[in-house]
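Read the structure below first, then the notes.
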Amino acid sequence: MTIMEQAPLKAFGQEYVLTKKDYKPYLKRSNKHGLIRFGVHMGLIAVAAGLVSVTLGTWWIVPVMAVYAILLAFLFAPVHECSHGTTFRNRRLNEVIFWIVCLIYMVPPTFFRYAHATHHTYTQIRGWDPDMLPERMTASAYIKFVLGFTFWQRNIKWFLFHPFGKIDPTQRYFLPQSEIPRVVREARIIFMIYAGIAGVSIVFNPWIPLIYWVIPRLVGEPFMRWMRISEHGECEENGDLRENTRTTYTSGIIRYLFWEMPYHAEHHLCPMVPFHALGRLHEKFGHKLHAVGDGYMSINKDVYVKAKQKQGVTWDNPTSSVHQPVSQEFS
Amino acid sequence: MANWYKVSHVDEIEEDDVIQVDVDETVLCVYHVDGSFFATDGICTHEHACLTDGFVMDGVIECPLHQGRFDIRTGKALSPPVTVDLKVYPVKIENSEIWVQLGE
Ligand code: FES
């Protein structure tokens, strides 16, 4: 029996919301939707970068940098969509964009893809889902998450250790043995690219990558953490995707910039559906979802208050009897 | 010993679609692509999802669980997270009936 076959449960629920026949019309892939969304997103980033350059040295840099950093943080959306291979009809285009956004966002593509696939298989099944909030989450653990400490701690470990073939033993279970050389090779390529950028900028102008990339990534990530906590935070810890994953109502602008990911339960229930069809999917079966949130602010408030009071789902379900192959980290 | 099994009728599978057929212990997927019919193992080689719930596009079956992709004609694993090829089976059509050959 492989380690994956020892899991007590897998995520489920699609059969309760949609028949296979109903599902089919939503699956259609298109290059057009992906190119427009990616083009608009990168265009906004370019405009914001231009504004950063003209406001440098003035107080205006504070709000402008915040906007720029948030736009960069939203690149998590194409990272995620491309990891599913659903951004474009053309798979090669999907993979090229996947690499580009992973490099900017600072995640390793293949490793992320496997970790995320495992998050889909074992959504909210403690010990198996690599993306869960920590067990018995306290207020300080919540703050650590939202500030991005956990994210950077983990990613820096990936970038420093994977090039040397050192993969955290607690994360090996979701990586097929045959893929380890590929993960190591990718990590080495990324390491060399980052080292090259560092080298060139030290010689010419070290401020450019700091101002346009590193600082905004650090500043923007807490915003992305704050939004992403809503996806599963304080949702049931069981396999039922209607209960363990949350769709969040928010503004059209946020939905656009987040590539429709606020329809998160729809995405988990139907991961083959491309981002541009998730809204239609919500119209189809949104009423069957049990976890629907009214805005990121109220969800975060709920998660934080429960963490502070040492209550809520992360405190309710002691899981000592469950096999624990993974370190509980949030990607 | 190799045997031929009648698994379906050509009218029962729409173009660019897949059905699941169980022959004894073997779970098969039977596909209709570009006017031809093909058969592969029905279970994904990554984490055992049923490929019949997957998406057929451009001669490729995409797994419903993690969107791993296989070439329907050759069974070749095309993109992660799938790394192990799918087994493919010979198919013949006789009197509009679809037959699949199983066994060595
Ligand atoms: S189960 Fe098929 S790609 Fe993972």
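The values are calculated or read from the model by the stated rules, or taken from the named source; none is laboratory data. A quick note: this is a predicted structure, and the numbers were derived from the prediction, not measured. FYI the Cβ positions are ideal-geometry reconstructions off the backbone, even for glycines, and counts take in every protein chain you see.
If I ask for residues that are modelled with pLDDT under 95, surrounded by fewer than 19 Cβ atoms within 10 Å (Cβ to Cβ) and among the β-branched types (Val, Ile, Thr), which ones from region A:137-162 would you list? Scanning region A:137-162 gives a single hit, A:Ile156. Considered as a group, the residues in region A:242-259 that are in contact with a His (Cβ under 8 Å, 6 or more places away or on another chain) and closer than 20 Å to A:Lys301 by Cα include one that is surrounded by the fewest Cβ atoms within 10 Å (Cβ to Cβ), and that residue is A:Glu243.
What about A:Thr55, is it more than 16 Å from the ligand (Cβ to nearest atom), on the phi < 0 side of the Ramachandran plot, more than 13 Å from chain B (Cβ to nearest Cβ) and among the hydroxyl-bearing types (Ser, Thr, Tyr)?
Answer is yes for this residue.
In this structure, B:Ser79 does not satisfy being away from the ligand (no atom under 14 Å from the Cβ), modelled with pLDDT under 95 and not aromatic (Phe, Trp, Tyr).
The residue that is surrounded by the most Cβ atoms within 10 Å (Cβ to Cβ), among those in region B:53-77 that are facing chain A (nearest Cβ under 9 Å) and acidic (Asp, Glu), is B:Glu62.
Hey, any hits in region A:29-52 for a residue that's within 14 Å of chain B (Cβ to nearest Cβ) and either in a helix (DSSP H, G or I) or buried (at least 20 other Cβ atoms within 10 Å of the Cβ) (or both)? Within region A:29-52 (the criterion being within 14 Å of chain B (Cβ to nearest Cβ) and either in a helix (DSSP H, G or I) or buried (at least 20 other Cβ atoms within 10 Å of the Cβ) (or both)), the answer is yes, since at least one residue qualifies.
Got a sec? Which strands (runs of 3 or more DSSP E) wholly within region B:10-50 have at least 2 residues that are of a type in the set (A, V, I, L, M)? Steps first, please.
Numbers: elements: B:17-23, B:26-33, B:36-41.
Here the list reads B:17-23, B:26-33.
On the stretch given as region B:18-68, residues that are within 21 Å of B:Thr83 (Cβ to Cβ), more than 12 Å from the ligand (Cβ to nearest atom) and in contact with a helix residue (DSSP H, G or I) (Cβ under 7 Å, 6 or more places away or on another chain) total 1. From the set of residues in region A:117-133 that are within 19 Å of A:Gln177 (Cβ to Cβ) and within 14 Å of the ligand (Cβ to nearest atom), which is surrounded by the fewest Cβ atoms within 10 Å (Cβ to Cβ)? The qualifying residue surrounded by the fewest Cβ atoms within 10 Å (Cβ to Cβ) is A:Thr121.
Going through (1) buried (at least 19 other Cβ atoms within 10 Å of the Cβ); (2) under 18 Å from the mean Cα position of the chain (by Cα) one by one, A:Ala187 falls short only on (2). Is it the case that some residue within region B:30-47 is facing chain A (nearest Cβ under 9 Å) and in contact with a Cys (Cβ under 9 Å, 6 or more places away or on another chain)? Yes, the conditions are met somewhere in region B:30-47.
This table checks each residue for (1) of a type in the set (D, E, K, R); (2) crowded, with 18+ Cβ neighbours inside 10 Å; (3) free of Cβ contacts under 8 Å to residues at least 12 places away in the same chain; (4) within 23 Å of A:Gln124 (Cβ to Cβ).
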| site | (1), (2), (3), (4) |
| --- | --- |
| A:Leu218 | no, no, no, no |
| A:Asp240 | yes, yes, no, yes |
| A:Pro271 | no, yes, no, yes |
| A:Gly293 | no, yes, no, yes |
| A:Lys306 | yes, yes, no, yes |
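For region A:105-141, what are the residues that are in a helix (DSSP H, G or I), more than 14 Å from chain B (Cβ to nearest Cβ) and touching a Lys or Arg at 6+ places or on another chain (Cβ under 8 Å)? Scanning region A:105-141 gives A:Tyr105, A:Ala139.
Under the condition of being hydroxyl-bearing (Ser, Thr, Tyr) and crowded, with 17+ Cβ neighbours inside 10 Å, which residue from region B:78-100 is farthest from the other protein chains (Cβ to nearest Cβ)? Selected residue: B:Tyr89.
Within region A:62-104, the residues that satisfy the criterion of being within 16 Å of the ligand (Cβ to nearest atom) and outside any helix (DSSP H, G or I) are A:Gly85, A:Thr86. Within the option set A:Pro78, A:Pro63, being more than 10 Å from chain B (Cβ to nearest Cβ), under 18 Å from A:Leu257 (Cβ atoms), at pLDDT 95 or above and surrounded by fewer than 17 Cβ atoms within 10 Å (Cβ to Cβ) holds for one residue only, A:Pro63.
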